[in-house]
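Novice: Shown below is the structure under consideration.
The values are calculated or read from the model by the stated rules, or taken from the named source; none is laboratory data. Source: prediction; values computed, not measured. Here Cβ is always computed from backbone atoms with ideal geometry, including for glycine, and neighbour counts include all displayed protein chains. Heads up: the accessible areas ignore ligands, DNA and RNA and are worked out on the full protein's heavy atoms, side chains in. Shrake-Rupley method; radii C 1.70, N 1.55, O 1.52, S 1.80 Å.
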Amino acid sequence: MQLSVLGLNHNTAPVEVREKMAVSADELPQMYKQIFSDPRVHEAVILSTCNRVEYYIVTVEPCEEDEILYMIGIGCQVGVSLLRKHSYIHCGTDAVTHMVRVASGLDSLVLGEPQIFGQVKEAFRNAKRNGAVRAYLNRMEQFALKTTKKVRTDTGISENAVSISYAAVDLAKKIFGSLDGHRALIIGAGEMCELAAEHLDGAGIGHITVTNRTLSKAEDLALRFLGDAVPFDKFQDILSDVDIVISSTGAPTAVVSTEMVKNAMKKRKRASMFFIDIAVPRDIEQGVGDLENVYLYDIDDLKQVVEANRKERENEAVKARELISGAVVRFERSIETLTADPLIVGIRNKAKNATGEELTRFCRKQKIEDPEQIAQLTYMLDSAMNKMLHMPTKNIKSYIADDRKYTMAEAISLLFNLKENR
Amino acid sequence: MAYDHAVMFYIISLMFLLVNFYFNKPFLQLFTYIFAALAIASNALQIFWDWQHAGIMHFYALEDVLMLLSLSIGIFYLILSLRYRKPYVGFFLLPIATCVGIVSLFLTPPPIQSSVLENRWLYMHIPFAVIGTAFFLTAFAAGIMYFVMEKQLKEKKFGRIFDRFPPLAVIDRVNNGALYLGFAFYTVAIFASSGWARFKFDDSEILDSAGFKIKVVLSFAAWLVFGAIILIKGKFGMNARQTALASVIGFLSVLATYIGVVVFIVR
């Protein structure tokens, strides 16, 4: 059995190619059908996210990279040549390592991002629904998810914010601890404000108020987070009620003056206030940061935080890669026993059929019809069979990956531990 | 003997705390907690042993008072760290407990035997005063921590201190709690000491000494300072920064009391 992966991601393919390769949930059954039309494919999982599309396939016999390319590429919209140009192919151990790295976020656009873990889980769920997962990928799923969890707990790969808006929320937590019960004012309704509101909401902020020159946009954004909107010329009236202010407007001059904040601070008895200015040119006067108990950060400050956190994550990624390499070696060893399973099942079925037939013949000959007696005989025969097969089953698993040559006599002797009994 | 071990454990725990401040590894934190717990257990064992051995709780020497103080601070450190799940919330407490422990090791108890020192009011006064002081010390440490963290936030220094120290709101919560509890304990201590002072003792040389009178005045002054802080806080409100400043100033007044004790009474 060999796992192979063909994929393309944000590093290897432009968005035009990625969107052509993307597989929606509705298209999945058709896609799986197409993959399994090749008799060499034993199992498969398709992972399709906004930044990557990957096809994991398990073949009974090892395949060359070109074979994999044609297996997948034939049915794709982009064609084999374009796929060859923008994709990567990993086979065997490399494919196993790749899957765990992807699930751990080591291969993501934002290093260590956690969403991919859920997307990998979802991909396996879909594959199972389409009957594409058997013994190998079942084990692979368990291994990938378990190792990913270990990576996340044992390394700091997912710690510290690496986006501007998330870093802003992280900074707010450094002042207020939990954001529960605190109020935030968002000045502007653009993409950055939307992201900041999302992160604030995710961090459990008590209430969000939005203000914007176009009130309807502010209302739309506020509605999404069950907050409220105030007209742009009225926001200074509520400044003393909010603890966090995030501003990102396109205004050419400052919209929050030092005087405004001074007055607000007086009203709130100088309780701490936190200002984040993500706009360029800046929305908040620099003098605000000099006021007592007022903390002001601009886009450059946040970039500094993000950069430091990114470096920290890169250091942690080295540890994560080492951890994954060790785990993959152990997985490869354990997966070798997988080829023993059909053998063991075959032997046991044969034995079971033989004892069943013998029991029926014996009962007919001895005219035994009492169900309790038959049950006792069945129990006795099963026990004997299990005892007889226990040693060979164990030895098949132990020696399945042993590539030394044995004579038939030696093999049988090994299988039944006959040397020990002599 | 157990106290020697306690001080040794305090030192080891402090070393782990400092090393972990640099590396920030969970297992180093675990060792900090384990050794702090061992130090607390040994410290408590020594106090219990002394009590059993002498038959009474005696706190007539500064050595005994410091032993109880290091125990209280050690316990506060562990409780705060576990309660807030922030290993550095009591960052300044462990060094203080260690220093108090080391100082008390170098002190030898004076051979004082007096009925003045074997009174139930005193048994109440000293533990309450010491635990109250430990609370004030915690508030003081939180106050210092607040200013350090505030400086990091204001000057945008995103280094280790910024990363490790707890949020300002958490420091403020610790400060407030320690301030109120400290005042409550100190109030009981003051009342107990007035009960003690009303007794007529056969040998009241200690009570008549000038040093004792100075100590009484200083203790009362410290109680008044903290009383005033709490009153102003309740009546007019104080923000986190003002509370931190008040805790630092307040504790310095308690420190003056103890310097008074050392200079005028024990020595």
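Novice: Please state which of the following conditions A:LYS149 fails to meet, knowing it meets all the rest: (1) over 30 Å from A:VAL328 (Cβ atoms); (2) assigned to a helix (DSSP H, G or I).
Specialist: Every condition holds for A:LYS149 apart from (1).
Novice: Determine which single condition A:MET21 fails, assuming it passes every other condition in (1) closer than 30 Å to A:ALA340 by Cα; (2) open to solvent by less than 20 Å² (accessible area, probe 1.4 Å); (3) out of contact with any Gly (no Cβ under 7 Å at 6 or more places or on another chain).
Specialist: Result: A:MET21 fails condition (1) only.
Novice: Moving on. Go through segment A:154-171 and report how many residues are of a type in the set (A, V, I, L, M, F, W, C) and within 9 Å of chain B (Cβ to nearest Cβ). Before the answer, list the steps.
Specialist: Looking only at segment A:154-171, we keep the residues that are of a type in the set (A, V, I, L, M, F, W, C), and these are A:157, A:161-162, A:164, A:167-169, A:171.
Among the residues that remain, those that are also within 9 Å of chain B (Cβ to nearest Cβ) are: A:171.
Result for segment A:154-171: 1.
Novice: Still on this structure, please answer the following. Name the single residue that is nearest to the chain's Cα centre (by Cα) among those in segment A:79-114 being hydroxyl-bearing (Ser, Thr, Tyr) and open to solvent by 60 Å² or more (accessible area, probe 1.4 Å). Even if it seems obvious, please write down each step before you answer.
Specialist: From segment A:79-114, those hydroxyl-bearing (Ser, Thr, Tyr) are A:81, A:87-88, A:93, A:97, A:104, A:108; that's our starting set.
Narrowing the set further to residues that are open to solvent by 60 Å² or more (accessible area, probe 1.4 Å) leaves A:81, A:93.
Values: A:SER81: 30, A:THR93: 19 Å.
Looking at the filtered set, the residue picked out is A:THR93.
Novice: Name the one entry in A:LYS311, A:LYS319, A:LYS352 that is free of Cβ contacts under 8 Å to residues at least 40 places away in the same chain, in contact with an Asp or Glu (Cβ under 9 Å, 6 or more places away or on another chain) and not in a loop (DSSP other than H, G, I, E, B).
Specialist: On inspection, the qualifying residue turns out to be A:LYS352.
Novice: Quick check on segment A:129-145. Is at least one of its residues open to solvent by 30 Å² or more (accessible area, probe 1.4 Å), in the same structural domain as A:GLU219 (by TED's automatic domain parsing) and assigned to a helix (DSSP H, G or I)?
Specialist: no
Novice: Being buried (at least 20 other Cβ atoms within 10 Å of the Cβ), on the phi < 0 side of the Ramachandran plot and over 10 Å from the mean Cα position of the chain (by Cα) is the requirement here; does A:PHE124 meet it? I'd like the intermediate steps shown before the answer.
Specialist: Numbers: buried (at least 20 other Cβ atoms within 10 Å of the Cβ): yes; on the phi < 0 side of the Ramachandran plot: yes; over 10 Å from the mean Cα position of the chain (by Cα): yes.
Spelling it out, A:PHE124 is indeed buried (at least 20 other Cβ atoms within 10 Å of the Cβ), on the phi < 0 side of the Ramachandran plot and over 10 Å from the mean Cα position of the chain (by Cα).
Novice: Which ranges mark the strands (runs of 3 or more DSSP E) fully within segment A:160-247 that have 3 or more residues being touching a helix residue (DSSP H, G or I) at 6+ places or on another chain (Cβ under 8 Å) and free of Cβ contacts under 8 Å to residues at least 60 places away in the same chain? First the steps, then the outcome.
Specialist: Working: elements: A:183-187, A:207-212, A:228-231, A:244-247.
Where strands (runs of 3 or more DSSP E) fall fully within segment A:160-247 and carry at least 3 residues being touching a helix residue (DSSP H, G or I) at 6+ places or on another chain (Cβ under 8 Å) and free of Cβ contacts under 8 Å to residues at least 60 places away in the same chain, they are A:207-212, A:228-231.
Novice: Would you please name the residue that is farthest from B:PHE21 (Cα to Cα), looking only at residues in segment B:154-172 that are at the interface with chain A (Cβ under 8 Å from one of its Cβ atoms) and open to solvent by 30 Å² or more (accessible area, probe 1.4 Å)? First the steps, then the outcome.
Specialist: Of the residues in segment B:154-172, the ones at the interface with chain A (Cβ under 8 Å from one of its Cβ atoms) are B:154, B:156, B:158, B:162, B:166-170.
Checking the rest, the ones that are also open to solvent by 30 Å² or more (accessible area, probe 1.4 Å) come to B:154, B:156, B:158.
Details: B:LYS154: 22, B:LYS156: 19, B:PHE158: 15 Å.
Restricting to residues being at the interface with chain A (Cβ under 8 Å from one of its Cβ atoms) and open to solvent by 30 Å² or more (accessible area, probe 1.4 Å), the top hit is B:LYS154.
Novice: Take the residues in segment A:277-336 that are open to solvent by less than 10 Å² (accessible area, probe 1.4 Å), in contact with a Gly (Cβ under 9 Å, 6 or more places away or on another chain) and within 13 Å of chain B (Cβ to nearest Cβ), then tell me which one is nearest to A:ILE157 (Cα to Cα).
Specialist: A:TYR297
Novice: Among the residues of segment A:295-304, are any within 33 Å of the chain's Cα centre (by Cα), of a type in the set (A, V, I, L, M, F, W, C) and at pLDDT below 95?
Specialist: yes
Novice: Would you confirm whether or not segment A:346-355 contains a residue that is open to solvent by less than 90 Å² (accessible area, probe 1.4 Å) and under 30 Å from A:ALA144 (Cα atoms)? Steps first, please.
Specialist: Narrowing segment A:346-355 to residues open to solvent by less than 90 Å² (accessible area, probe 1.4 Å): A:346-349, A:351, A:354-355.
Next cut, under 30 Å from A:ALA144 (Cα atoms) only: A:346.
Yes, there is a match, as at least one residue in segment A:346-355 is open to solvent by less than 90 Å² (accessible area, probe 1.4 Å) and under 30 Å from A:ALA144 (Cα atoms).
Novice: Suppose we filter B:LEU218, B:LEU181, B:LEU255 for residues that are assigned to a helix (DSSP H, G or I) and at pLDDT below 75; which single one remains?
Specialist: Working: B:LEU181 fails: at pLDDT below 75; B:LEU255 fails: at pLDDT below 75.
After ruling out the rest, the residue left standing is B:LEU218.
Novice: Can you tell me which residue within segment A:259-274, out of those that are touching a Phe, Trp or Tyr at 6+ places or on another chain (Cβ under 9 Å) and facing chain B (nearest Cβ under 10 Å), is least open to solvent (accessible area, probe 1.4 Å)?
Specialist: Out of the qualifying residues, it is A:PHE274.
Novice: Follow-up. Checking the condition open to solvent by less than 30 Å² (accessible area, probe 1.4 Å), farther than 24 Å from A:ASN138 by Cα and either part of a loop (DSSP other than H, G, I, E, B) or modelled with pLDDT under 90 (or both), which residue from A:CYS63, A:CYS76, A:CYS50 passes?
Specialist: Of the residues listed, the single one that is open to solvent by less than 30 Å² (accessible area, probe 1.4 Å), farther than 24 Å from A:ASN138 by Cα and either part of a loop (DSSP other than H, G, I, E, B) or modelled with pLDDT under 90 (or both) is A:CYS76.
Novice: Return the residue satisfying two criteria in turn: it lies in segment A:236-258 and is open to solvent by less than 30 Å² (accessible area, probe 1.4 Å), within 41 Å of the chain's Cα centre (by Cα) and closer than 23 Å to A:ILE175 by Cα, and of such residues it is farthest from the other protein chains (Cβ to nearest Cβ).
Specialist: So the residue we want is A:SER248.
Novice: Hey, can you tell me all the residues within segment A:172-187 that are buried (at least 24 other Cβ atoms within 10 Å of the Cβ) and within 14 Å of chain B (Cβ to nearest Cβ)?
Specialist: A:ALA172
Novice: Inside segment A:349-408, can you point out the residues that are under 19 Å from A:LYS419 (Cβ atoms) and among the aromatic types (Phe, Trp, Tyr)?
Specialist: Result: A:TYR399, A:TYR406.
Novice: I would also like to ask the following. Are there any pairs with C-beta distances below 9 angstrom linking a residue in segment A:125-140 that is more than 13 Å from A:TYR56 (Cβ to Cβ) to a residue that is in a loop (DSSP other than H, G, I, E, B), with the two at least 6 apart or on different chains, and if so which?
Specialist: A:ALA135/A:MET1
Novice: Looking only at segment A:188-200, decide whether some residue is open to solvent by less than 60 Å² (accessible area, probe 1.4 Å) and within 14 Å of chain B (Cβ to nearest Cβ).
Specialist: no
Novice: Please tell me if A:THR148 is open to solvent by 60 Å² or more (accessible area, probe 1.4 Å) and either within 14 Å of the chain's Cα centre (by Cα) or within 14 Å of chain B (Cβ to nearest Cβ) (or both).
Specialist: Here the answer is no, as A:THR148 does not meet what is asked.
Novice: Could you tell me how many of the residues in segment B:173-184 are open to solvent by 50 Å² or more (accessible area, probe 1.4 Å) and of a type in the set (Phe, Trp, Tyr)?
Specialist: So the count comes out to 1.
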